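The block underneath contains the structure these notes are about, expressed in structure tokens.
Values in this text are rule-based calculations from the coordinates and carry no lab data. Small disclaimer: the values here were computed from a predicted structure and weren't measured. Quick reminder, even Gly has a Cβ in these numbers, built from the backbone with ideal geometry, and neighbours come from all protein chains shown.
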Amino acid sequence: MKPLVVITGASSGFGKAMAKEFHDAGYPLLLIARRVEILEGYGFSNTICAKADVTDRQAFEKAVRDAEKIYGPVDLLINNAGVMLLGNLENQDPEEWKRMLDINVLGVMNGMQIVISEMKKRQHGTIVNFSSLAGVKPFVNHAAYCASKYAVSGLSEVSRMELAADNVRVMRILPGAVNTELLSHTTSDKIKADYYNWLETTGVGGIKAEDIAKTVYFAYEMPQCVNIREIQIADTRQDA
Ligand code: NDP
């Protein structure tokens, strides 16, 4: 059997598309999200669905260890779970900053620390962290989100360097705007309306979650000696 793939945030958007991509390719999966009923609804074979919040280190680690008892060590961890709560720094509720930094940054670091030691021991493994174009360039009303995604870009590259000698790959993927549930959690109606207006006027929207899933699959399937360190991927019509 192929090795175990773990995908966080698999109940929607990119995570859901990647779950299908890797399942169809025959990988056993551990799918993690808070809405576990959605994961169970996929009806995938060789798949464990775990209800866990990535900020809950114990629950996250237990889900991984339980899956490893059945399918063996994790060879690919995709740290995809994330939230985007847009707002400007002057007015945004600091609780939203905290939620984003907890999930988008500490959730990723939790995942990495859970799998790193075993990957080093085996001298094999891949970690894919979801950053964003907002992790290398600024966008209006994205201050806290950019802070979280710049953090993911930075910590991914540092850990890539730290794990290089042990043949463990760390990749970061930086998507542009893709239509998923992501924007729906932003609380400002004005910011959401401006964003939708930008999508409409630019014509951004052709790119799909499945395109991101195929790209991650391609990067993972390259030989272990090849590390595609960073992928920036966006709709052709996205000019920002
Ligand atoms: P979605 O909102 O569609 O999906 C987010 C997923 O994350 C859901 O499955 C959600 O599941 C999960 N999630 C959120 N919080 C937690 C948590 N605390 N613990 C566990 N799971 C959690 O967003 P996308 O698919 O668009 O986004 C996926 C990643 O890609 C994110 O990191 C996002 O920042 C990044 N990204 C997205 C872009 C886009 O335009 N779509 C652009 C650039 C980057 P549940 O609620 O069930 O827990």
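FRET efficiency for the residue 113 to residue 140 pair, using the beta carbon distance and R₀ = 35 Å, is estimated at 0.55. The residue list 167, 38, 86 was ranked by how far each Cα lies along the charge dipole of the chain toward its positive end, using unit charges on Cβ atoms, and 167 comes out on top. Shown here are the Rg and Dmax of the Cα trace of the chain, at 17.2, 52 Å.
Within region 116-240, the proportion of C-alpha pairs whose separation exceeds 17 Å stands at 62%.
Electrostatic tally near residue 171: other residues with Cβ closer than 11 Å to its Cβ, Lys and Arg +1, Asp and Glu -1, net +2. Across region 76-91, rounded Karplus estimates of 3J(HN,Hα) from the backbone phi angles (6.51 cos²θ - 1.76 cosθ + 1.60, θ = phi - 60°) give 9, 10, 10, 7, 9, 3, x, 10, 10, 10, 7, x, 9, 4, 5, 10 Hz, Gly and Pro being marked x. Distance distribution note for region 1-138: the fraction of Cα pairs above 17 angstrom is 59%. Using θ = phi - 60° in the Karplus curve 6.51 cos²θ - 1.76 cosθ + 1.60, the 3J(HN,Hα) couplings for region 51-60 round to 8, 8, 9, 5, 7, 8, 4, 5, 5, 4 Hz; x is entered for Gly and Pro. Think of region 106-230 as having a plus end and a minus end, set by charges on the Cβ of Lys, Arg, Asp and Glu; of 180, 134, 112, 112 sits farthest toward the positive end of this dipole.
Each Cα pair under 8 Å and six or more residues apart adds its separation to the average, and for the chain the resulting relative contact order is 20 percent.
Summarising the amide proton neighbourhood of residue 78: residues at separation of 5 or more, or on other chains, whose placed amide H is nearer than 5 Å comprise 6, 7, 8, 128. Each part gets one Cα centre, and for region 28-99 versus region 195-240 those centres are 21 Å apart.
For region 119-139, the residues whose backbone nitrogen is under 20 Å from a point 7 Å from the Cα of residue 190, taken along Cα to Cβ, are 139. Listed values for region 6-19 are Karplus-derived 3J(HN,Hα) couplings in whole Hz (6.51 cos²θ - 1.76 cosθ + 1.60, θ = phi - 60°), namely 10, 10, 8, x, 8, 8, 6, x, 4, x, 5, 5, 5, 4, and x replaces Gly and Pro.
Distances between placed amide hydrogens fall under 5 Å for residue 47 paired with 29, all partners being 5 or more residues away or on another chain.
Its relative contact order, with pairs defined as Cα atoms under 8 Å and 6+ residues apart, puts region 41-103 at 29 percent.
Length available on full extension from residue 2 to residue 229: 0.36 nm per residue minus the Cα-Cα distance, which gives 79.4 nm. Dipole size of region 5-58 about its Cα centre, with +1 on Lys/Arg Cβ and -1 on Asp/Glu Cβ: approximately 100 debye, rounded to the nearest 20.
Once C-alpha pairs closer than 8 Å and six or more residues apart are averaged by separation and normalised to the residue number of region 1-109, the relative contact order reads 29 percent.
Cross-link partners for residue 208 among the lysines, with Cα-Cα distance under 24 Å and sequence neighbours closer than 8 places in the same chain left out: 16, 20, 137, 149, 192. Between residue 218 and residue 59, the FRET efficiency estimated from the beta carbon spacing at R0 = 45 angstrom works out to 0.90.
Taken along the Cα-to-beta-carbon direction at a fixed 7 Å, the label points for residue 158 and residue 89 span 2.1 nm.
Between residue 34 and residue 179, the FRET efficiency estimated from the beta carbon spacing at R0 = 22 angstrom works out to 0.55. For a label point 7 Å from the Cα of residue 239 along Cα→C-beta, name the residues of region 192-209 whose backbone N is under 14 Å from it. Flagged as within label range: 198-204. Summed over qualifying helices (DSSP H, 4 residues or more, each -39500 (n - 2.57)) and divided by its residue number, the chain shows a 222 nm mean residue ellipticity of -13500 deg cm²/dmol. Measuring from label point to label point, each 7 Å out along Cα→Cβ, what is the residue 66 to residue 120 span in nm? For residue 66 paired with residue 120, the spin-label model returns 2.8 nm. Taking amide hydrogens as placed 1.01 Å from N in the peptide plane, the amide H of residue 233 sits under 5 Å from those of 174, 176, each at least 5 positions away in sequence or on another chain. Computed about the Cα centre, the dipole magnitude for region 92-240 is approximately 460 debye when only Lys and Arg (+1) and Asp and Glu (-1) carry charge, each at its Cβ.
Counting only lysines at least 8 places from residue 120 when in the same chain, those with an alpha carbon closer than 22 Å to its own are 2, 62, 69.
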